[in-house]
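The values are calculated or read from the model by the stated rules, or taken from the named source; none is laboratory data. It should be emphasised that the depicted structure is a prediction, and the values quoted were computed from it without experimental measurement. No Cβ is skipped: glycine too gets one built from the backbone with ideal geometry, and neighbour counts run over all protein chains shown.
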2 protein chains.
Amino acid sequence: MKIALDAMGGDHGPMVTVKGAVAAVKEYGVHMILTGDEGLITEELKKYDFPKEQIEIVHCTEAIENEDKPVAAIRKKKDSSMVVALNLVKDGKADAVISAGNTGALLAGGLFVLGRIPGIDRPALAPPYPTAKGISILIDGGANADCKPRNFLEFGLMGSIYAERVLNKEKPRVCLVNIGTEEGKGNDTTKEAYKALKKAPYNFIGNVEARDIPAGYADVIVCDGFTGNVVLKLTEGVAGVIFKVLKDEFTSSTVRKLGAMLLKSGLKGFKKRFDYTEYGGAPFLGVQGILIKAHGSSNDNAVKNAIRQAKILIENKVIQEIANEIESLGDDTN
Amino acid sequence: MKIALDAMGGDHGPMVTVKGAVAAVKEYGVHMILTGDEGLITEELKKYDFPKEQIEIVHCTEAIENEDKPVAAIRKKKDSSMVVALNLVKDGKADAVISAGNTGALLAGGLFVLGRIPGIDRPALAPPYPTAKGISILIDGGANADCKPRNFLEFGLMGSIYAERVLNKEKPRVCLVNIGTEEGKGNDTTKEAYKALKKAPYNFIGNVEARDIPAGYADVIVCDGFTGNVVLKLTEGVAGVIFKVLKDEFTSSTVRKLGAMLLKSGLKGFKKRFDYTEYGGAPFLGVQGILIKAHGSSNDNAVKNAIRQAKILIENKVIQEIANEIESLGDDTN
């Protein structure tokens, strides 16, 4: 099993990607192919002790920056660490590709270089969403701002397969994010989406109101990319403000500081439950190959966990399963 | 100043509405008109000591239930506490109306009984949104699931007037909820909305990503009713889960319980900052009169604060100001 990693991607570049790759090699026994500046990568690799034959470097002369225009960057920077990593999968030299780089470019690269699975109209980002009951998956996390009913139907299928094979959920509960629980509620888009999902060959159980998402009501949270982006970022924003205000309150007097000290392990356990670095990245489902977008600010632990996630996707043949099951949706491409 | 209150509305009915009204009469010196079952209301009033001439009862034989179909309920239940309260404003016998009852019915009632301010295409719900920097206002909170550019333009105007006159913000920062900060980002709806808002005669400062809403980046958070509903309910859901998990962690051992005890006042101060009962209800802006939707689960404190809010809306002539300023948007009703 070979996994390609865009070593230049992310806010911290090789310093973090290489460390994560080394940890994954030791822990999971995977074979890594690091794409990027050979000098920088070699320099980082020198810091660690690991089975040399399991990490390979493919030197690239370019890197895609966060400021680059996605489509133009993919088209022009042919020797960038991201495009080269994508090509490794396309050419059958790697079984999966991971990048923490420019999201737009990576999605464009997934579409242009890997291409779509036949029958899939719109591939979608499927980030993990931590809930009170464990990890759910949200799809689409931001790849398609405007969606047709057919797209929702595909999101539900891909999410369901992912939840079953990667998150080990039995008959995953697939829900549509909507305003109201009954059929007939919603805006024009979700009303139509509901009609399509009702006939889905997987476990669609109806609408989920945003209030019930964090409680873990749905295993697969289906929505368009606009709503998905709002849900993900608002969750992050609300949690961030609550932690900040709690910290202020908990350090505002000596007595409170003492109280906070006694609660330290509790606070840690709490933070860990909502720590995205534990859950890997967001797979871009629907393209011809395993492609994982890791968070731009990923640390080495997040990179390591994205590699573990790629391994599970490979072992459980998620792409093949999507390709097999897509026919069950029928031919209706509206 | 007379304020009509639907005494039968909300999960707890007269038990809570009457208590809130009595507190408001004593604290703010307002005159209240309570609509509903005279027997029940009188029974509740007997529990309190207050200036009798300041609370009036208008007996009604019907009440609109949460399960009632909104439009049908307003049309058929002419002698319901909600419709009677709305008519008091329409007939000039009250300066504002408050209800914690069926939201859909109240919005329909606002449109049918009070009617729209000339020039306003779509009235909108404008609930308070507590942020790290204080209270912002979100508009539309759920009245209009699908919106045209003109609607966003109106929401921004009404929200801006409200933020200035009720929340005392100077040159309120009006933002469009979107996925990305730059112009040109978004789905079809928000791209068009941005173009309209760019020319607005108030302080439109651009897009706000959902992540930055809780931090208080925007004073007036503009979005369609679908997105608004998702933002409000998800905020509630995320905060609820975090408190629940914290509580579990903080009570899982004796040492932690001791720590939590020392932090009790801190936790209380924290909860108060995010307690909706402190901030009143959601005004339905754009109708011909002051109409406030209080939370269905309002306690007496929430009712009292909604009455205070109505008083501020009356004193600061918010409706007149909207009517005056609507012309500044021009005639474009697309």
Exercise for the section: Could you please find all residues in region B:161-183 being in contact with a Phe, Trp or Tyr (Cβ under 9 Å, 6 or more places away or on another chain) and of a type outside the set (Asp, Glu)? Expected result: B:161, B:171, B:172, B:173, B:174, B:175, B:176, B:178, B:179
Handout entry: Among (1) surrounded by fewer than 22 Cβ atoms within 10 Å (Cβ to Cβ); (2) facing chain A (nearest Cβ under 7 Å), the one test that residue B:243 misses
Key = (2)
Practice task
Go through region B:88-125 residue by residue and tally those that are more than 18 Å from the chain's Cα centre (by Cα), within 20 Å of residue B:280 (Cβ to Cβ) and not in a helix (DSSP H, G or I).
Solution key: 1
Practice task
Please find, within region B:196-228, the residue that is nearest to the other protein chains (Cβ to nearest Cβ) out of those that are within 23 Å of residue A:232 (Cβ to Cβ) and of a type in the set (S, T, N, Q).
Solution key: B:227
Handout entry: Criterion (touching a residue at least 12 places away in the same chain (Cβ under 8 Å) and over 28 Å from residue B:148 (Cβ atoms)) met by exactly one of B:94, B:73, B:108
Key = B:94
Exercise for the section: Just one of (1) part of a helix (DSSP H, G or I); (2) closer than 30 Å to residue B:104 by Cβ; (3) hydrophobic (A, V, I, L, M, F, W, C); (4) touching a helix residue (DSSP H, G or I) at 6+ places or on another chain (Cβ under 6 Å) trips up residue A:138, so point out which. Expected result: (1)
Fill in the blank from the handout: Residues in region B:88-113 that are within 23 Å of residue B:39 (Cα to Cα) and surrounded by 20 or more Cβ atoms within 10 Å (Cβ to Cβ) total 8
Problem - Within region B:41-68, tally of residues that are modelled with pLDDT of 95 or more, of a type outside the set (Asp, Glu), more than 25 Å from residue B:315 (Cβ to Cβ) and out of contact with any strand residue (DSSP E or B) (no Cβ under 9 Å at 6 or more places or on another chain) - result: 3
Problem - Options B:187, B:203; residue that is in contact (Cβ under 8 Å) with a residue 40 or more places away in the chain and of a type in the set (S, T, N, Q) - result: B:203
Exercise for the section: Name the one entry in A:326, A:312 that is assigned to a helix (DSSP H, G or I) and closer than 25 Å to residue A:16 by Cβ. Expected result: A:312
Exercise for the section: Go over the candidates A:270, A:274 one by one and state the one that is touching a Leu at 6+ places or on another chain (Cβ under 8 Å) and not assigned by TED's automatic domain parsing to the domain that holds residue A:116. Expected result: A:270
Fill in the blank from the handout: If we keep only residues of region B:146-166 that are among the hydrophobic types (A, V, I, L, M, F, W, C) and in contact with an Asp or Glu (Cβ under 7 Å, 6 or more places away or on another chain), then the residue surrounded by the fewest Cβ atoms within 10 Å (Cβ to Cβ) is B:161
Completion exercise
residue B:270: passes all of (1) within 16 Å of residue A:260 (Cα to Cα); (2) more than 8 Å from chain A (Cβ to nearest Cβ); (3) buried (at least 17 other Cβ atoms within 10 Å of the Cβ); (4) not small (Gly, Ala, Ser) but (2)
Exercise for the section: Kindly indicate whether any position in region A:279-286 is touching a helix residue (DSSP H, G or I) at 6+ places or on another chain (Cβ under 6 Å) and within 30 Å of residue B:248 (Cα to Cα). Expected result: yes
Practice task
Identify, by number, the condition in (1) in the same structural domain as residue A:307 (by TED's automatic domain parsing); (2) in a helix (DSSP H, G or I) that residue A:291 doesn't meet.
Solution key: (2)
Handout entry: Matching residues in region A:1-33 - criterion: being crowded, with 23+ Cβ neighbours inside 10 Å and in contact with a Ser or Thr (Cβ under 7 Å, 6 or more places away or on another chain)
Key = A:4, A:5, A:6, A:7, A:8, A:9, A:10, A:16
Exercise for the section: Scan region B:170-195 for residues that are farther than 16 Å from residue B:139 by Cα and touching a helix residue (DSSP H, G or I) at 6+ places or on another chain (Cβ under 9 Å) and jot them down. Expected result: B:170, B:171, B:179, B:180, B:181, B:183, B:184, B:185, B:186, B:187, B:192, B:195
Exercise for the section: Report those strands (runs of 3 or more DSSP E) wholly inside region B:173-234 carrying at least 1 residues which are surrounded by fewer than 20 Cβ atoms within 10 Å (Cβ to Cβ). Expected result: B:204-208
Practice task
Say whether the condition of being in contact (Cβ under 8 Å) with a residue 40 or more places away in the chain and surrounded by 24 or more Cβ atoms within 10 Å (Cβ to Cβ) is met by at least one residue in region B:114-122.
Solution key: no
Handout entry: Residue among A:254, A:190, A:181, A:227 that alone is polar (S, T, N, Q) and within 26 Å of residue B:267 (Cα to Cα)
Key = A:254
